[in-house]
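The values are calculated or read from the model by the stated rules, or taken from the named source; none is laboratory data. Because the structure is predicted, anything quoted here is derived from the model rather than measured. Heads up, the Cβs are rebuilt from the backbone with ideal geometry, glycines too, and the neighbour counts pull from every protein chain shown.
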Amino acid sequence: MEVVILKSAKSVAATAGDLVAELLRVQPAAVLGLATGSTQLALYRYLVQQYLHGGLSFKQATSFNLDEYLGVAAENPQSYRAYMDREFFDHIDIDKHNTHLPDCGETENPRLVGPLYEQKIRDAGGIDLQLMGIGGNGHIGFNEPSSSLRSRTRVKTLTKQTLEDNGRLFKKDEFQPKLAITMGIATIMDARRVLLLATGQSKAEAVAKMVEGPISAMCPASVLQMHERATILLDEDAAAGLSNRDYYDWTHLQNESLKARFGGEHG
Ligand code: F6R
């Protein structure tokens, strides 16, 4: 697990965005795993700027989002499909036919959505780079604490903490979904590379558990300790609970000097 602590949330977004751009430069038809949430917004804005002014193209890329609410139609502004269109897809050159979310039509059986989604990911050749955030309770996707570490895409019930955390995004009388369909933890672990972004003090405790705690279903993100290529990008606030901080900074310096001498990992 590579832990990179940057000076601001803006640098977290730019560093993640540069990694996405670097991947698409050498592999234009890459398969991206995407996430929603507040943390990813700065990343999408950065990538849109790179598309508009930096020669970045998503034309051949395919994407799979981590999760989608159950019982919220795609046209509803609260759906994750609407978020992705509004914040990202509408502003870049990706072919929307190649963008996927684990959504469930009104008359569809939600239990069948997961296996079909897994098949679509396999048919696309698997995920090259999975971007994600972390919940205050350590969830990744909507794999809430106690989720099986070998889970696959399926329906999950959101915890009360997640409902409270996300409640800020819903109006008082608006329907707030309690169920979602999410990639499983094993699905996420299959991605060839994982990039987790966390910013702000509200994530400090979950980040410390993820990076330095025991691997446990009670902190689903801690399973990333077992991933071959997981990079955790943090701002100072999100890194505040880490006890091994000096080593992460020292490692980052060594990696930067290797990169300066031998080029980026795709270069
Ligand atoms: C969203 C998702 C969630 C969020 C997490 C952090 O697609 O899968 O795991 O990444 O809840 O959300 P924010 O960034 O809003 O704090």
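Would you point out the residue of the range 127-171, among those that are outside any loop (DSSP other than H, G, I, E, B), β-branched (Val, Ile, Thr) and away from the ligand (no atom under 13 Å from the Cβ), that is surrounded by the most Cβ atoms within 10 Å (Cβ to Cβ)? So that I can check it myself, show each step before the final result.
First pass over the range 127-171, keeping only residues outside any loop (DSSP other than H, G, I, E, B): 129-132, 140, 143, 154-157, 160-167.
Then keep just the ones that are β-branched (Val, Ile, Thr); that gives 140, 155, 157, 162.
Within this subset, residues satisfying the condition of being away from the ligand (no atom under 13 Å from the Cβ) are 155, 157.
Numbers: Val155: 16, Thr157: 12.
Top of the filtered list is Val155.
Considering only residues of the range 39-54 that are modelled with pLDDT of 95 or more and more than 18 Å from the chain's Cα centre (by Cα), which is surrounded by the fewest Cβ atoms within 10 Å (Cβ to Cβ)? Residue satisfying both the conditions and the ranking: His53.
Among the residues of the range 1-29, the one identified as among the basic types (Lys, Arg) and assigned to a loop (DSSP other than H, G, I, E, B) is Lys7.
Consider the range 178-204 and keep the residues that are in a helix (DSSP H, G or I) and in contact (Cβ under 8 Å) with a residue 60 or more places away in the chain. The one that is farthest from the ligand (Cβ to nearest atom) is Asp190. Contact annotation: residue pairs with Cβ atoms under 9 Å, 6 or more positions apart or on different chains, pairing a residue in the range 37-53 that is at positive phi with a partner that is at pLDDT 95 or above and aromatic (Phe, Trp, Tyr), are Gly37/Tyr83. Can you name the residue in the range 218-238 that is closer than 20 Å to Asp165 by Cα and of a type in the set (A, V, I, L, M, F, W, C) and is also surrounded by the most Cβ atoms within 10 Å (Cβ to Cβ) among such residues? Residue satisfying both the conditions and the ranking: Ala221. If I filter the range 5-53 down to residues being out of contact with any strand residue (DSSP E or B) (no Cβ under 9 Å at 6 or more places or on another chain) and β-branched (Val, Ile, Thr), which single residue comes out as nearest to the ligand (Cβ to nearest atom)? This residue is Val48. Within the range 164-177, can one find any residue that is at pLDDT 95 or above and in contact with an Asp or Glu (Cβ under 9 Å, 6 or more places away or on another chain)? No. The set of residues in the range 58-95 that are surrounded by 16 or more Cβ atoms within 10 Å (Cβ to Cβ) and more than 15 Å from the ligand (Cβ to nearest atom) comprises Phe58, Ala61, Thr62, His91, Ile92, Ile94.
Each residue in the range 244-263 was checked for being under 15 Å from Thr15 (Cα atoms) and either aliphatic (A, V, I, L, M) or in contact with an Asp or Glu (Cβ under 6 Å, 6 or more places away or on another chain) (or both), and 1 of them qualify. Tell me, yes or no, whether the range 99-118 has at least one residue that is touching a residue at least 60 places away in the same chain (Cβ under 8 Å), in contact with a helix residue (DSSP H, G or I) (Cβ under 7 Å, 6 or more places away or on another chain) and assigned to a helix (DSSP H, G or I). Yes: one or more hits.
Of all residues in the range 96-126, which are hydrophobic (A, V, I, L, M, F, W, C) and either within 14 Å of the ligand (Cβ to nearest atom) or in contact with a Cys (Cβ under 7 Å, 6 or more places away or on another chain) (or both)? Before you say what the answer is, go through the steps one by one.
Step one: filter the range 96-126 for residues hydrophobic (A, V, I, L, M, F, W, C), giving 101, 104, 112-113, 116, 121, 124.
Hits for the range 96-126 are Leu101, Val113.
Considering (1) over 22 Å from His227 (Cα atoms); (2) in contact (Cβ under 8 Å) with a residue 40 or more places away in the chain, the lone condition that Leu34 does not fulfil carries the number (1). On the basis of being in contact (Cβ under 8 Å) with a residue 12 or more places away in the chain and among the aromatic types (Phe, Trp, Tyr), does Phe175 make the cut? For Phe175, the condition - in contact (Cβ under 8 Å) with a residue 12 or more places away in the chain and among the aromatic types (Phe, Trp, Tyr) - is met.
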